[in-house]
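Below is one structure; the comments refer to it alone.
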Amino acid sequence: WTGMNDLRSDGQPPPVVVERVTRVMDMVRARFPDVPVAVVGIPPQCDTKPPGLESLHWVNQKVKEAAEARGMAFVDADRPPLNTPEGQLAPGVAARDRKHQNLAGYGLLAKWIREEGGAAGAALTPP
């Protein structure tokens, strides 16, 4: 997940998170120009409150724009059924720490990466 620790653990302002993630995307693209890349957005946590959700949505939108501008696929992880109608990580797909996904949640992410991850997702899909 692009920028998750910067946004959550380090408490960096959203523009700083986007700048850092964009820098990483540029380094990856410069070093591996022909390798397909799928960037996975930041999912919510069970206890993410509205101000945090607004920051999360903003960062994900900006990272999506940056990824697409660099020819990278973007996989949105901030959506149902991973999240509730309120936008928080759904309890049924949350690990005990309420911050990460459980096996079912990671299964959904893997499916989305294969289906929406462009050439990177296609490379991960069994023949």
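Within the group Ile113, Ile42, which residue is among the β-branched types (Val, Ile, Thr) and at pLDDT below 95?
Just one listed residue meets the conditions, Ile42.
For segment 81-127, name all the residues that are open to solvent by 90 Å² or more (accessible area, probe 1.4 Å), part of a loop (DSSP other than H, G, I, E, B) and either among the basic types (Lys, Arg) or over 30 Å from Asp34 (Cα atoms) (or both).
Of everything in segment 81-127, those that are open to solvent by 90 Å² or more (accessible area, probe 1.4 Å), part of a loop (DSSP other than H, G, I, E, B) and either among the basic types (Lys, Arg) or over 30 Å from Asp34 (Cα atoms) (or both) turn out to be Pro85, Glu86, Arg96, Arg98, Lys99.
Only one of Ala67, Ala77 is in contact (Cβ under 8 Å) with a residue 12 or more places away in the chain, among the small types (Gly, Ala, Ser) and part of a helix (DSSP H, G or I). Can you tell me which?
Going through Ala67, Ala77 in turn, the sole match is Ala67.
Quick one: is Glu54 part of a helix (DSSP H, G or I) and either touching a helix residue (DSSP H, G or I) at 6+ places or on another chain (Cβ under 8 Å) or under 20 Å from Val24 (Cβ atoms) (or both)?
Answer is no for this residue.
Working only within segment 57-75, note down all residues that are surrounded by 14 or more Cβ atoms within 10 Å (Cβ to Cβ) and out of contact with any Asp or Glu (no Cβ under 8 Å at 6 or more places or on another chain).
Across segment 57-75, the qualifying residues are Trp58, Val59, Gln61, Lys62, Val63, Ala66, Ala67, Met72.
Got a number for residues in segment 2-15 being closer than 14 Å to Gln61 by Cα and either modelled with pLDDT of 90 or more or surrounded by fewer than 17 Cβ atoms within 10 Å (Cβ to Cβ) (or both)?
2
Out of all the residues in segment 97-122, which are touching a residue at least 40 places away in the same chain (Cβ under 8 Å) and charged (D, E, K, R)?
Arg98, Lys99, Glu116, listed by residue number.
Quick one: in segment 17-45, of everything that is outside any helix (DSSP H, G or I) and surrounded by fewer than 16 Cβ atoms within 10 Å (Cβ to Cβ), which residue is nearest to the chain's Cα centre (by Cα)?
Val35
The values are calculated or read from the model by the stated rules, or taken from the named source; none is laboratory data. Just so it is clear, the structure is predicted and the values come from calculations on it, not from any experiment. Every residue, glycine as well, gets a Cβ built from its backbone with ideal geometry; the counts of neighbours run over all protein chains shown. These accessible areas exclude ligands, DNA and RNA; they are computed on the full protein's heavy atoms, side chains included. Shrake-Rupley method; radii C 1.70, N 1.55, O 1.52, S 1.80 Å.
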